[in-house]
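Worksheet for the structure shown next.
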């Protein structure tokens, strides 16, 4: 699969999800189904056209050497909570909860299930797409700098559709910078191993912190 195919398909997928989120205001189930279809289809097509070089190649479930990933994940968890305690007062979490309930049908009753999906399912989909399909797809073709910058930038812009209307411009700029830097770290981890296992571990731990904050937002803890 050529590099321009990867870039054009990834942009089209993110635009589609943006339209579903911000223009059509689709419910969470519809958006999730669309994301699963788009992200896995892109990865599958790449896998078939790329000589079946998978995004999980070389993973050994018994491998004990994921210490750097676990430490980075723990650090991400701590940083997210630190930012929450420092800047949480600048965010209207009550309004976010109302918006989620009205637009996406996510509420206190179903949030534990949504949270579980976010931690394990959504994190895997995003790693499969942004690091597996986009980053490794470009990186393996020799476009290493482009792979780092483009996949990390797209990862940040993609989240605009989710959080863009919830926070102030200043906090949004901070969030975009954090997502871009996080994307660079995820890419670096995957370049070391040639698969998405390392970034997925960190992503799971980072999303765990976000989900816990969401549980507090819905008064579940």
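The values are calculated or read from the model by the stated rules, or taken from the named source; none is laboratory data. These figures come from a predicted structure and were not determined experimentally. Don't worry about glycine lacking a Cβ; one is built from the backbone with ideal geometry, like all the others, and counts go over all protein chains shown.
Summary table
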read-out	value
Residue satisfying condition, being without any contact (Cβ under 8 Å) to a residue 24 or more places away in the chain and farther than 25 Å from residue 25 by Cα, within set 131, 140, 192	192
Given (1) over 16 Å from the mean Cα position of the chain (by Cα); (2) part of a helix (DSSP H, G or I); (3) under 25 Å from residue 88 (Cβ atoms), number of the condition residue 182 does not satisfy	(1)
Which listed residue, of 93, 133, 120, is under 24 Å from residue 41 (Cα atoms) and in contact with a helix residue (DSSP H, G or I) (Cβ under 6 Å, 6 or more places away or on another chain)	133
Only one of 16, 40 that is at pLDDT 95 or above, surrounded by 14 or more Cβ atoms within 10 Å (Cβ to Cβ) and either out of contact with any strand residue (DSSP E or B) (no Cβ under 9 Å at 6 or more places or on another chain) or not in a loop (DSSP other than H, G, I, E, B) (or both)	16
Per-region count, the stretch 1-13, residues over 18 Å from residue 126 (Cβ atoms) and either surrounded by 15 or more Cβ atoms within 10 Å (Cβ to Cβ) or in contact with a strand residue (DSSP E or B) (Cβ under 8 Å, 6 or more places away or on another chain) (or both)	2
Residue match in the stretch 78-87 (condition: within 22 Å of the chain's Cα centre (by Cα), on the phi < 0 side of the Ramachandran plot, modelled with pLDDT under 90 and part of a helix (DSSP H, G or I))	no
Condition met for residue 100 (closer than 18 Å to residue 184 by Cβ and either out of contact with any helix residue (DSSP H, G or I) (no Cβ under 9 Å at 6 or more places or on another chain) or modelled with pLDDT under 95 (or both))	no
Output for the stretch 153-173, where each listed residue is touching a residue at least 24 places away in the same chain (Cβ under 8 Å) and in a helix (DSSP H, G or I)	153, 154, 155, 156, 157, 158, 160, 161, 162, 171
Subset of the stretch 129-157 (residues that are under 30 Å from residue 214 (Cα atoms) and surrounded by 20 or more Cβ atoms within 10 Å (Cβ to Cβ))	129, 130, 131, 132, 133, 134, 135, 150, 151, 152, 154, 155
Tabulated pairs, the stretch 58-77, first at positive phi and surrounded by 10 or more Cβ atoms within 10 Å (Cβ to Cβ), second modelled with pLDDT under 90 and not in a helix (DSSP H, G or I), C-beta under 7 angstrom, 6+ apart or interchain	58/194; 58/195
